[in-house]
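Have a look at the structure below before the remarks.
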Amino acid sequence: APLSPSSTLPPYFMKGSIIQLADGELKRVEDLRTEDFLQSAEVSRELKIDSSTVERIDSSKTPDAVIIQFSVGEHKAQVCVEVLVEYPFFVFGQGWSSCCPDRTTQLLALSCAKLSVGDVCISLTLKSLR
Amino acid sequence: NVEPRSVPVFPWHSLVPFLAPTQSD
């Protein structure tokens with residue numbers, strides 16, 4: 001079952017929010033690039049980047065929410081999340097994208113592309129601890 | 001004198017969803 005969406009978006013997606021990369025560098029959320037996530041994950045002991053391909057986007061019973069089905073990593077694990085339509089995901093080589101970019105821009109001032117089936121989003125997994 | 005306001009700084013990984021279970025291999 002998908003996780004229930006929070007009724008509000010986290011504050012760090014607001015345009016102008018200061019994000020600290022793993023090497024200590026500070027960047028605004030709207031200036032983040034794919035390389036920032038990849039390089040931060042490289043120096044992380046616990047986290048690694050996985051590719052999550054959008055397989056389906058369905059409407060939800062919850063108002064203003066959608067259910068997104070991802071195929072995650074090389075094992076293509078199927079994961080569903082229920083999020084607000086304005087929730088931004090970072091797409092490889094494209095940047096912030098949401099199901100309703102107009103609403104994301106309206107609420108967060110964050111420029112977004114339209115999230116579509118086939119888009120490959122950045123996600124995280126825990127590295128195997130040995 | 002202007003009091004410096006503290007600006008919240010968020011870690012990079014808070015922006016990325018955890019979507020996959022831990023792989024055991």
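Quick note: the coordinates plus some simple rules give every number you see, no bench work behind them. Keep in mind that this is a model prediction, so the values were computed, not measured. Using ideal geometry, Cβ is built from the backbone for each residue, glycine included, and neighbour counts are taken over all protein chains shown.
Among residues of the stretch A:27-56 that are more than 18 Å from A:SER98 (Cβ to Cβ) and within 10 Å of chain B (Cβ to nearest Cβ), those with a beta-carbon under 6 Å from a residue that is outside any helix (DSSP H, G or I) and polar (S, T, N, Q) at least six positions away or on a different chain give the pairs A:LYS48/A:THR125; A:ASP50/A:SER123; A:ASP50/A:THR125. The residue that is nearest to the other protein chains (Cβ to nearest Cβ), among those in the stretch A:76-125 that are touching a Pro at 6+ places or on another chain (Cβ under 9 Å) and surrounded by fewer than 15 Cβ atoms within 10 Å (Cβ to Cβ), is A:SER111. Strands (runs of 3 or more DSSP E) fully within the stretch A:1-72 that include at least 1 residues being buried (at least 17 other Cβ atoms within 10 Å of the Cβ), under 15 Å from the mean Cα position of the chain (by Cα) and not β-branched (Val, Ile, Thr): A:47-59, A:65-72. Among strands (runs of 3 or more DSSP E) entirely within the stretch A:82-130, having at least 1 residues that are in contact with a helix residue (DSSP H, G or I) (Cβ under 6 Å, 6 or more places away or on another chain) and under 20 Å from A:ASP50 (Cβ atoms) singles out A:95-98, A:120-126.
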